[in-house]
Amino acid sequence: MSTSVVADASVPGVTRHDALERRRDVRRERTRRRGWTISLLGVAVVCGATWWITRSPIFTMRELRVSGTTHLTQSQVARIAGLSTGANVLWLSPSRVERLLEHDPWIASATVERSLPGTVTISIRERHAVAVAMPGSWLISADGVVLGRAREGDLVPEIHPGVVLRSGVRLSTARPQLLVARSLSGSLAARVRSVTTRKGRGVDLILRAGGVVDLGPAVDLRAKELALAGVLRWAARRGVGVGTIDVRAPAAPALLPAQPSLPGP
């Protein structure tokens, strides 16, 4: 059985079968393009809605929680972190805020968390001053970071590192004066006016109430501090003025009482 092929009279050399296939191809192409257009419009609508929702007031920061600070206030933390009441919590980068915070010399470390829709929580570990470096009255932390200028009422020992300082730089914690200052407990540190070094003699503490403590080399500092605290308690109970306290051998500390002042003529 043979199949006849009839030519399309409108196009020379093209059969009717070819013309039908071409029209089908055209319809398929139109359908495909229409599908792409609808898909693109759908994506655009979704993207636009997403953009509007994520930047809407729903995700505006309404609460900032800050913990771990004693020196910095919450408003100072917010300023350092670049956070305002209009901040978008959804788009907030915790790692970026942490880097901004840790750039401040008072902040040793920071952890930032988001709670949608509008809460940011910041946990901070602050540095604390253990000494004030002279000249310039620069507060120094236990890890040697220069925190800023001292204020009246900062009862930490003076040290004289002999280098030019500015906020944010770091002193070596191996320096004997800083090594000793950072080892002092809070109650004892408040009684020490300054930490000094003498070539060939080691480290001395100058007490605020008068008297000198000979520590010797900056070793066995915990044992020497305990020995010093014991001598100071003994002297206070007996009303003995302190001239010199020698704790170079902490197991056998020695006290040289202050000489009484002679009455005037």
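The values are calculated or read from the model by the stated rules, or taken from the named source; none is laboratory data. A quick note: this is a predicted structure, and the numbers were derived from the prediction, not measured. Neighbour counts are summed over all protein chains in view; Cβ atoms, including those assigned to glycine, are modelled from backbone coordinates with ideal geometry.
A few points about this structure:
- Residues within region 85-110 that are exposed (fewer than 12 other Cβ atoms within 10 Å of the Cβ) and more than 30 Å from residue 166 (Cβ to Cβ), tallied: 3
- Only one of 75, 123 that is at pLDDT 90 or above, loosely packed, with under 12 Cβ neighbours inside 10 Å and hydroxyl-bearing (Ser, Thr, Tyr): 75
- Hey, residue 145 under 19 Å from residue 167 (Cβ atoms), more than 20 Å from the chain's Cα centre (by Cα) and surrounded by 14 or more Cβ atoms within 10 Å (Cβ to Cβ) or not: no
- Which listed residue is surrounded by fewer than 17 Cβ atoms within 10 Å (Cβ to Cβ) and over 20 Å from residue 118 (Cα atoms), from 82, 68: 68
- Inter-residue pairs, beta-carbon under 7 Å, first at positive phi and in region 154-176, second assigned to a loop (DSSP other than H, G, I, E, B) and not hydroxyl-bearing (Ser, Thr, Tyr), 6+ apart: 168/105
- Only one of the numbered conditions (1) among the hydrophobic types (A, V, I, L, M, F, W, C); (2) under 30 Å from residue 61 (Cβ atoms); (3) in contact with a Leu (Cβ under 7 Å, 6 or more places away or on another chain) is violated by residue 112, and that is (3).
- Within region 203-215, considering residues that are buried (at least 17 other Cβ atoms within 10 Å of the Cβ) and not hydrophobic (A, V, I, L, M, F, W, C), the one farthest from residue 259 (Cα to Cα): 204
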